[in-house]
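Data first, discussion second: the structure below is written as structure tokens.
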Amino acid sequence: MKLHLKQYLFILGTLFITFNSSAQFKKTSKWKALIAVGFNYPTTDGFVDGTYAQSINFPTVNLGVQHMFKRTYGVKLDYGFNRFKNGSDSPEFKVNYSRINAQFVFDPTEYIRFLPSRFRTILHAGPGFSFVKPLGDLEDNKQSYLNLLGGVELHYAINEKVSVYTDVAYAYGLTSLDDYDPIISGLGAFNGSVFNMTFGIAISLSGCQYCD
């Protein structure tokens, strides 16, 4: 009888810890810092004719601060840095592409019933500004323009304060490329869009302060 009682207590204790942990994972911190690294692909139409970048470029670095007003929505301010270089049959160039965006954040996790308790899905989108700076002798071709960025993140909670995540995003350039004659004079100029995929960590800055 004592053995059975111990087994029941153990099972009840395990269930309590599991449900309590699940409740913690479902809570949303008001403030978070996000740090991620990955790779990028700049669209071919952003370069002058006859030039293009590699399909996969490294690095991409994203740094952001997120504030949630409620469990399902909030805002995020983030900075992104990308570097890309010429493809194999293109004239040589290297470009630093950076951006800053203010974004709306939406968390539809509670509407997606099949996701395990440790997972969250985050949608984000908003306007920003892009800065393009070719390196070396091409730096006179630097440019800046508006962009619209949108993406989706998938988070996995390690504990109630830290999660790892992946982010797939697309920064659409609100501009058109200038005409260069000769083309070589526009080498390194980029007025296009950038696709990036990053992997990172999200850290709660608000401790045990959660959204309602």
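The values are calculated or read from the model by the stated rules, or taken from the named source; none is laboratory data. None of these values were measured; they are calculated from a predicted model. Because the Cβ atoms are built from the backbone with ideal geometry, glycine has one as well, and the counts that use them run over all protein chains shown.
What's the total number of residues in region 166-188 that are buried (at least 20 other Cβ atoms within 10 Å of the Cβ) and closer than 24 Å to residue 126 by Cα?
4
Just checking, does region 136-144 include any residue being touching a residue at least 12 places away in the same chain (Cβ under 8 Å), hydrophobic (A, V, I, L, M, F, W, C), crowded, with 16+ Cβ neighbours inside 10 Å and not in a strand (DSSP E or B)?
Yes, region 136-144 contains at least one residue that is touching a residue at least 12 places away in the same chain (Cβ under 8 Å), hydrophobic (A, V, I, L, M, F, W, C), crowded, with 16+ Cβ neighbours inside 10 Å and not in a strand (DSSP E or B).
For region 10-29, state whether one or more residues are part of a strand (DSSP E or B) and either under 30 Å from residue 97 (Cα atoms) or modelled with pLDDT of 95 or more (or both).
No; the residues of region 10-29 include none that is part of a strand (DSSP E or B) and either under 30 Å from residue 97 (Cα atoms) or modelled with pLDDT of 95 or more (or both).
Just name the residue that is nearest to the chain's Cα centre (by Cα) out of those in region 71-86 that are among the charged types (D, E, K, R) and under 15 Å from residue 106 (Cα atoms).
Within region 71-86, the match that is nearest to the chain's Cα centre (by Cα) is 76.
Under 6 Å by Cβ, and 6 or more places apart or on different chains, what pairs join a residue from region 185-203 that is polar (S, T, N, Q) with one that is part of a loop (DSSP other than H, G, I, E, B)?
191/175; 191/177; 193/43
Considering every residue within region 114-125, establish whether at least one is over 15 Å from residue 167 (Cα atoms), touching a residue at least 60 places away in the same chain (Cβ under 8 Å) and over 16 Å from the mean Cα position of the chain (by Cα).
There is at least one residue in region 114-125 that is over 15 Å from residue 167 (Cα atoms), touching a residue at least 60 places away in the same chain (Cβ under 8 Å) and over 16 Å from the mean Cα position of the chain (by Cα).
Between 77, 34, which is in a strand (DSSP E or B) and surrounded by 18 or more Cβ atoms within 10 Å (Cβ to Cβ)? Walk me through how you get there before you give the answer.
Numbers: 77 fails: surrounded by 18 or more Cβ atoms within 10 Å (Cβ to Cβ).
None of the others qualify; the one that does is 34.
So how many residues does region 92-108 have that are more than 16 Å from residue 126 (Cα to Cα) and not in a strand (DSSP E or B)?
So the count comes out to 3.
Just for region 190-204: of the residues that are aliphatic (A, V, I, L, M) and surrounded by 23 or more Cβ atoms within 10 Å (Cβ to Cβ), which one is nearest to residue 100 (Cα to Cα)? Show your work before the answer.
Residues of region 190-204 that are aliphatic (A, V, I, L, M), as a first pass: 194, 197, 201-203.
Restricting the remaining residues to those that are surrounded by 23 or more Cβ atoms within 10 Å (Cβ to Cβ) gives 194, 202.
On the way: 194: 13, 202: 18 Å.
Looking at the filtered set, the residue picked out is 194.
Can you tell which of 160, 153 is of a type in the set (D, E, K, R), touching a residue at least 12 places away in the same chain (Cβ under 8 Å), surrounded by 14 or more Cβ atoms within 10 Å (Cβ to Cβ) and assigned to a strand (DSSP E or B)?
Numbers: 160 fails: assigned to a strand (DSSP E or B).
Sole residue among the options that is of a type in the set (D, E, K, R), touching a residue at least 12 places away in the same chain (Cβ under 8 Å), surrounded by 14 or more Cβ atoms within 10 Å (Cβ to Cβ) and assigned to a strand (DSSP E or B): 153.
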